[in-house]
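Working notes, beginning with the structure itself.
The values are calculated or read from the model by the stated rules, or taken from the named source; none is laboratory data. A quick note: this is a predicted structure, and the numbers were derived from the prediction, not measured. FYI the Cβ positions are ideal-geometry reconstructions off the backbone, even for glycines, and counts take in every protein chain you see. Side chains are part of the model used for accessible areas, which takes the heavy atoms of the whole protein and leaves out ligands, DNA and RNA. Shrake-Rupley method; radii C 1.70, N 1.55, O 1.52, S 1.80 Å.
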Amino acid sequence: MRVLFAMGLMGLLALALALPSHALTVVGDGIPQALEGRVGDAARGRAIVTNRQLGLCLLCHSGPVPEERFQGNLAPDLAGAGARWNAAQLRLRLVAPQHLNPDSIMPDYHRSAGLTRVARSWEGRPLLDAQQIEDVVAWLLTLRD
């Protein structure tokens, strides 16, 4: 009995470790609540999107960032993103793009569990933390044209 109980606790612990530290509730086609209650900063979001070592967004997307050369054409243009999608929709696209399109090649930028072939320095860490996700959302919302 004790062994079974211990195995049950270990199973629960493994499950808790696999889940994000905060609950993400998808409503329709978006995540209405900001991650961890964070408030995004558009200037920091722009810096993340244009950073080729951090966000890598411009590898696949193009956008209204004229100083950045060699922008991608595999994914939607970011110009006008704030007119096409609201914050909840953008948040879901960054956090769980496969929820909307199972064939999407876009990574889950906030996922940290259940990944394979991850460098040791990135194990258990998302590509973008909650603040960075909210910063990118804030910048994308400014793109109205």
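For the structure I just gave you, tell me whether residue 71 is surrounded by fewer than 15 Cβ atoms within 10 Å (Cβ to Cβ) and polar (S, T, N, Q). No. Taken over region 130-145, the criterion of being outside any helix (DSSP H, G or I) and open to solvent by less than 70 Å² (accessible area, probe 1.4 Å) is satisfied by 143 alone.
Which members of region 107-122 meet the condition of being part of a loop (DSSP other than H, G, I, E, B) and of a type outside the set (A, V, I, L, M)? Even if it seems obvious, please write down each step before you answer.
Narrowing region 107-122 to residues part of a loop (DSSP other than H, G, I, E, B): 107-119.
107, 108, 109, 110, 111, 112, 114, 116, 117, listed by residue number.
For region 64-87, the set of residues classified as among the small types (Gly, Ala, Ser) and in contact with a helix residue (DSSP H, G or I) (Cβ under 9 Å, 6 or more places away or on another chain) consists of 72, 75, 81, 82, 87, listed by residue number. All of 54, 58, 78 fail the test of being crowded, with 17+ Cβ neighbours inside 10 Å and farther than 19 Å from residue 144 by Cβ, apart from 58. Against the numbered list (1) within 15 Å of the chain's Cα centre (by Cα); (2) open to solvent by less than 30 Å² (accessible area, probe 1.4 Å), residue 46 comes up short only at (2).
Within region 53-75, restricting attention to residues that are under 16 Å from the mean Cα position of the chain (by Cα) and part of a loop (DSSP other than H, G, I, E, B), which residue is modelled with the lowest pLDDT? Ranking the candidates gives 55 first.
Here's the yes/no breakdown for (1) open to solvent by 60 Å² or more (accessible area, probe 1.4 Å); (2) in contact with a Leu (Cβ under 7 Å, 6 or more places away or on another chain); (3) closer than 17 Å to residue 140 by Cα; (4) modelled with pLDDT of 95 or more:
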{"site": "7", "(1), (2), (3), (4)": "yes, no, no, no"}
{"site": "12", "(1), (2), (3), (4)": "yes, no, no, no"}
{"site": "20", "(1), (2), (3), (4)": "yes, no, no, no"}
{"site": "31", "(1), (2), (3), (4)": "no, yes, yes, yes"}
{"site": "38", "(1), (2), (3), (4)": "yes, no, yes, yes"}
